[in-house]
1. Of the residues that make up the range 336-350, is at least one farther than 30 Å from PHE450 by Cα, in contact with a helix residue (DSSP H, G or I) (Cβ under 6 Å, 6 or more places away or on another chain) and open to solvent by 50 Å² or more (accessible area, probe 1.4 Å)?
2. For the range 588-617, give me the residue count where each residue is touching a residue at least 60 places away in the same chain (Cβ under 8 Å), assigned to a loop (DSSP other than H, G, I, E, B) and under 24 Å from THR505 (Cβ atoms).
3. Would the range 176-194 turn up any residue that is at pLDDT below 90, hydroxyl-bearing (Ser, Thr, Tyr), open to solvent by 20 Å² or more (accessible area, probe 1.4 Å) and more than 30 Å from GLY235 (Cβ to Cβ)?
4. If I ask for residues that are open to solvent by 70 Å² or more (accessible area, probe 1.4 Å) and part of a strand (DSSP E or B), which ones from the range 138-168 would you list?
5. Can you report the number of residues in the range 203-229 which are of a type in the set (D, E, K, R) and either open to solvent by less than 30 Å² (accessible area, probe 1.4 Å) or modelled with pLDDT under 85 (or both)?
6. Just name the residue that is farthest from the chain's Cα centre (by Cα) out of those in the range 265-275 that are of a type in the set (Ser, Thr, Tyr) and open to solvent by 20 Å² or more (accessible area, probe 1.4 Å).
7. Here is a list of conditions, (1) open to solvent by 40 Å² or more (accessible area, probe 1.4 Å); (2) closer than 27 Å to GLU418 by Cβ; (3) in a loop (DSSP other than H, G, I, E, B), and ASN359 meets all of them except one; can you say which number that is?
8. Are any of the residues in the range 65-81 open to solvent by 70 Å² or more (accessible area, probe 1.4 Å), at pLDDT 75 or above, among the basic types (Lys, Arg) and in contact with a strand residue (DSSP E or B) (Cβ under 9 Å, 6 or more places away or on another chain)?
Amino acid sequence: MHLFRGYFSALLVAVAVALSALSVGAPAFAQVSPQSIVVQGAGHTDAATIRSYFTGTDQASVNRAVADLSATGMFSKVDAKIVGGQVVVSVVENAQIINRVAFEGNKTLKSDQLAVEVQSKGHTGFDEAKAKADVERLKDAYRKIGRSATQVSYRLVQLPNGRVDLVFTVNEGDKTGVREIKFVGNHAVSSYRLHSLMQTTEMNWLSWFKNSDVYDPDRLASDQEAIRKYYMKNGYADFRITNTDVAYQNDPAGYVITISVDEGQQYRVSSVDVTSHVGKVDSASLKGFVTLHAGDVYNATEVEKTVDSLTREMARQGYAFSDVRPHGERDEVAHKIAVAFTVDDGPKVYIERIDVVGNTRTRDYVIRREFDIGEGDPYNHTLIERAERRLNRLGYFKKVHISTRPGSTPDRVIVTVEVEDQPTGSVSLSGGYSTTAGFLAEVAFTENNFLGRGQYVKASVSEGQYSRGWGLSFTEPYFLDQRLAAGFDIYHKEQDENAYALYATWTTGVNLRLGVPVTDEFTVQPSYTLYQSAISIPNSVDQPFEDCPANGQPWLPPGFTTPQPSTATSNCLLNGEASVAIKQAAALGAITTSAFGYSLIWDTIDDRKNPTSGAYLNFHQDVAGAGGYSRFIRETFDGKYYYPITDDLVGFLRLQGGDIRQFGGGNLPLVDNFNLGPTLVRGFAPGGIGPRDISDPNNIAGNGLGGTTYFGGTAEVQFPLFGLPREIGLKGAVFADAGTLFGYQGQTNFSTLFGEPAGTACWASNSPTTKTPYIQSNCVDVDDEMTIRSSIGASLIWQSPLGPIRIDYAYAVTKGKYDQLQQFNFTGGANF
């Protein structure tokens, strides 16, 4: 390689000299001939190669050639001097030339990763000092991934012609992580809370399972920024991290990180003002876009939101170059800040182009569509930052960095978007248990960035002890090239009879939806749903829930081939007969429901997995009747609010409500009713609240009929379980629930089921005087109380590595006469 380079360089020099000689007025200099270059000390290096570096006999050319030869690494010493018009070159060759650099014993870091770290390279001279320095560089690389005990050595493998292989031997050893994270100077915020803000964790008995306890300088820098943002969000405008000390200790092996902070005082907002220096924009008209107010705790996040809102409003009014800048004047005595926003007409700079680099899977347009501005538009720094936040929230990339550089003219800039793709798909096996579904397993394929198009796809199949089903979901987040999330869900669900219901159900349907974001927090979601559902009642020897005959017919219990006489001690009602209301619903067969609806969603939750602040409000309305059997208007509301009471305690409030009304005549089918239990008030069984058929005292538990109106509320306080590592994800809660379900609107007389005319007078259940003695009544006796049910209890909540698990214990304080209780409620799942 070097010989070829020498010949090629010599050829270029010869061409340059010839062209110079032909040029008019070209300066004259000495021609370089092989005889004018004398090489001394060359052994296995070809002398012609050395001569090719010398392009002149003047001192400047000689000095450049000496430097270039030294840089090859083939010589330990290079000297040259001009003697009598000749250049005498003296070299001392390195004894050995590296053929290749190899690594052995490495498992955690691949060889190509280690090759980047070392300076010794193939086809260069071996330098012992450089090899020893490479050993330390490799150790540093392992320290960055938490393996400070890694040992590295090197050896040379001799090859012919003075060449060697340089082999680095690695003994990675055990992981050495972060032993302790200390905070110094924090008084307003507990160390526990600061730990919870960090991705870096301490070593503990879970270290075999996690890698968050590995010391990573980049991750620690991100943690420090998260801590800073937390303080700034909570009014500590003077907060700063004064020092971060990272020390490695040998016994026990690991890092000790000490973060010293100066919290300062908490500030409140004394006043908020907006000043517009743009002639046609009145300052007062912009104040409605400010999201923080006098008296509030100072919040840097709200300041950023206000800057964003004002920038968008100015752009809407046609001032694309506007520049919104926040200012704060501190009153350090009163601990208040006067916040002001200044709106100026900024410099006219346009985006020449947007370059997207680093994406190996995600398509360019998926990245570009997150920008509210494009090529040729006025440059706006606030909108660029907003695009960067959006790209980070997608979850498609390990990192996102947006930078700018000058364009072809002073009023042009080039925006560079640098991203690094990360895996976005998963195949999971999930398992769990709930009191209604029993044991459950699900296999699911999920892809959040399908084919690099940013589309969401999920296909799943589930099989359980009492339930089974399948589903397919698809979402296009940019429907019709607009920020509209369009998608569909196709599903099938089956629920077997269980202790809380003497009937089985199945539902098959499709749901079409469209998400229309009005703001970052508010979304309108229109939808259309088409589904079929049916109820079936088992009638086997083990589950004889429908063996009462029609009036005038003999009783034929399951397993018998001949009719059996009905007596007071042996009849169809004594083995758990289903309510006639449920039988009527089963007789309808498959019911088709076609419903148009919409949701109004307000979402400011800070963290979907572990929320500590913010609100989620969802109002949904469906109107069924565009075809199908069902005719109803249904409204539901679900509101959740999280509030940090202290650094460690999180308050949670929830309000729920719903109402459904039949229209167009007839009765509301039983399958359309609300059936609630622990999802409304814990301490009650599934379907254990609300209207119930009490005509058969032997089977009140399994004959819940559901209601048309419900409302309820929850107050809960969540807290960490002190003494346990926070990354276990285990916390406790105490709660109080209250709510009710009422309003049965279905029919009560079911004479036609017994072959009698509609409206036949009700006969008593299990009466020997009826046409067929000891038979089921043709009417239902509905207990429909509006009693407020309430409970208090405690919970264990575990965000386990295998999925969310929650155990509730609730004690019913108030209840209806026929309500069904269930003190323990357990739900859980796992991803393997």
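The values are calculated or read from the model by the stated rules, or taken from the named source; none is laboratory data. Only a predicted model underlies this, so the values are computations on that prediction, with no experimental measurement involved. As a convention, Cβ positions derive from the backbone with ideal geometry for all residues, glycine included, and neighbour counts pool all protein chains shown. The area values use the complete protein model at the heavy-atom level, side chains included, leaving out ligands, DNA and RNA. Shrake-Rupley method; radii C 1.70, N 1.55, O 1.52, S 1.80 Å.
1. No, there is no match, as no residue in the range 336-350 is farther than 30 Å from PHE450 by Cα, in contact with a helix residue (DSSP H, G or I) (Cβ under 6 Å, 6 or more places away or on another chain) and open to solvent by 50 Å² or more (accessible area, probe 1.4 Å).
2. Counting residues in the range 588-617 that are touching a residue at least 60 places away in the same chain (Cβ under 8 Å), assigned to a loop (DSSP other than H, G, I, E, B) and under 24 Å from THR505 (Cβ atoms) gives 1.
3. There is no residue in the range 176-194 that is at pLDDT below 90, hydroxyl-bearing (Ser, Thr, Tyr), open to solvent by 20 Å² or more (accessible area, probe 1.4 Å) and more than 30 Å from GLY235 (Cβ to Cβ).
4. GLN151, ARG155, GLN158, ARG163
5. Pass one, the range 203-229, residues of a type in the set (D, E, K, R): 210, 213, 216, 218-219, 223, 225, 228-229.
The next check asks that each one be either open to solvent by less than 30 Å² (accessible area, probe 1.4 Å) or modelled with pLDDT under 85 (or both); those that pass are 210, 213, 216, 218-219, 223.
Total satisfying the criteria: 6.
6. For the range 265-275, the residue satisfying everything is THR275.
7. (1)
8. yes
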